[in-house]
Amino acid sequence: MEDAKKLEEFQAKIDADIKIEPKDWMPEKYRQNLVRQISQHAHSEIIGMQPEGNWLTRAPSLRSKKILMAKIQDEAGHGLYLYCAAETLGVSREQFLKWLHEGAAKYSSVFNYPTLTWADIGAIGWLVDGAAIVNQVSLQGTSYGPYSRAMVKICKEESFHQRQGYEIIADLSKGTEEQKQMAQDALNRWWWPSIMMFGPHDGDSAHSNQSLKWKIKRESNDELRQRYVDKTIHQGEILGLTFPDENLKLNEQTGHYDISPIDWDEFWNVVKGNGPGNRIRLAHHIKAHDDGAWVREAAIAYRNKMNAKSKIA
Ligand code: BYC
């Protein structure tokens, strides 16, 4: 009885757009769903540093190297905001990483594709960050306070990231025939993975109904995907590039672009760990984490020493 009343009050708060804060009562399923989504989001930010890091030593100028380095550092920061938000739900950072390393937690499928040329760095900024922004602007309105506030901060930085990528692609598109080809090839390879970032269609999305009811998500996977497609097609036209979809067409009735069916076999294959880069990405993260063990031990030893000192004083 008590829980039913609490649940009713909880839903009333959600309906009134009042944020849920860490110490507020919340249904266990709400907490679990947030733990899952926020930690996966954090993992995406951190694993997403790898495909870009691949080009740090080969950036074509000092300017582009400095910008890329700053962008990758931002992604680390985003991961940290999100881990902190997720930790307010009572799960430790060690546990999140354990779930990631064991394959129990996911990260965005898109980061399992390789960055073969410098144009891929442009495509990640333009398309992958472009898709992430559409999703994250919407998530600023999520019902959980710490997640929402992390999103506000992240979105400010993401718009810079998207422009960084667009600038690279725009420069290549205006360059020699070979450079234009590089930009086109990157678009060809990143377009569909970026569309898949929004997850399965609404009818196949296991979590969407409940997440929308609890305003963890404010818009559905397909609504966000359509917004991304509509805005990106326009940008591609300005660049003079062609999207790898022969069925792409403005639907006069809906005012939106129609696209070909998405290759869900490819999507689920990558999500299940069999994409081109899954094993490399995870192995690299595990190694970096193990290599950093001494830093964590030193930091804890220092903290303990300072705590002991302050007790004596
Ligand atoms: N990849 O019921 P659904 C960045 C899973 S980083 C992998 O619709 P939900 C950047 C889903 O988890 C920012 N798995 O789920 C960084 C679920 O499986 P589980 C990236 C996916 O949660 C560096 C199952 O499929 N953005 O911008 O309601 C460099 C059923 O799906 C994917 C985020 O992380 C996928 N694409 O909706 C550059 C966004 N899609 O958990 C850039 C945060 C679905 O039951 N996350 N799955 O085992 C979200 O907004 C939502 O979680 C999703 C999925 C829209 C992705």
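At-a-glance table
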{"quantity": "Surface share of carbon and sulfur [accessible, 1.4 angstrom probe, percent] for segment 203-313", "calculated": "55"}
{"quantity": "In Å², nearest 10: area of residue 160 left accessible to a 1.4 Å probe", "calculated": "90"}
{"quantity": "Charge tally in the Cβ shell below 14 Å around residue 289, where Lys, Arg are +1 and Asp, Glu are -1, residue 289 excluded", "calculated": "0"}
{"quantity": "Charge dipole (debye, nearest 20) of the chain; +1 at Cβ of Lys and Arg, -1 at Cβ of Asp and Glu", "calculated": "1580"}
{"quantity": "Members of 71/156; 13/156; 19/213 lying beyond 22 Å, as alpha-carbon distances in this model show", "calculated": "13/156"}
{"quantity": "Contact order relative to length of the chain, as percent, for alpha carbon pairs under 8 angstrom and 6 or more apart", "calculated": "18"}
{"quantity": "Accessible surface, per residue, of the chain when the full set of protein chains is kept, probe 1.4 Å, Å²", "calculated": "52"}
{"quantity": "Point-to-point label distance, residue 312-residue 293, nm (Cα→Cβ direction, 7 Å offset)", "calculated": "3.0"}
{"quantity": "Accessible surface of segment 49-149, 1.4 Å probe, proportion on carbon and sulfur as whole %", "calculated": "61"}
{"quantity": "Rounded to the nearest 20 debye, dipole of segment 14-119 from Cβ charges on Lys, Arg, Asp, Glu", "calculated": "460"}
{"quantity": "At R0 = 35 Å, FRET efficiency that the Cβ-Cβ distance of residue 177 and residue 283 yields, to 0.05", "calculated": "0.35"}
{"quantity": "Ellipticity estimate at 222 nm from DSSP helix runs (n ≥ 4, -39,500 (n - 2.57)) divided over the chain, nearest 500", "calculated": "-21500 deg cm²/dmol"}
{"quantity": "FRET efficiency estimate (nearest 0.05) - Cβ-Cβ, residue 31 to residue 223, R0 25 angstrom", "calculated": "0.45"}
{"quantity": "Those trypsin sites (Lys or Arg not before Pro) in segment 111-172 that DSSP places in a loop and that have at most 10 other beta carbons within 10 Å", "calculated": "none"}
{"quantity": "Rounded to the nearest 10 Å², the accessible area of residue 201 at probe 1.4 Å", "calculated": "70"}
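The values are calculated or read from the model by the stated rules, or taken from the named source; none is laboratory data. Treat the numbers as computed from the prediction; the structure is a model and nothing was measured. Neighbour counts run over all protein chains shown; Cβ positions are idealised from the backbone, glycine included. Keep in mind that these areas ignore ligands, DNA and RNA; they rest on the heavy atoms of the full protein, side chains included. Shrake-Rupley method; radii C 1.70, N 1.55, O 1.52, S 1.80 Å.
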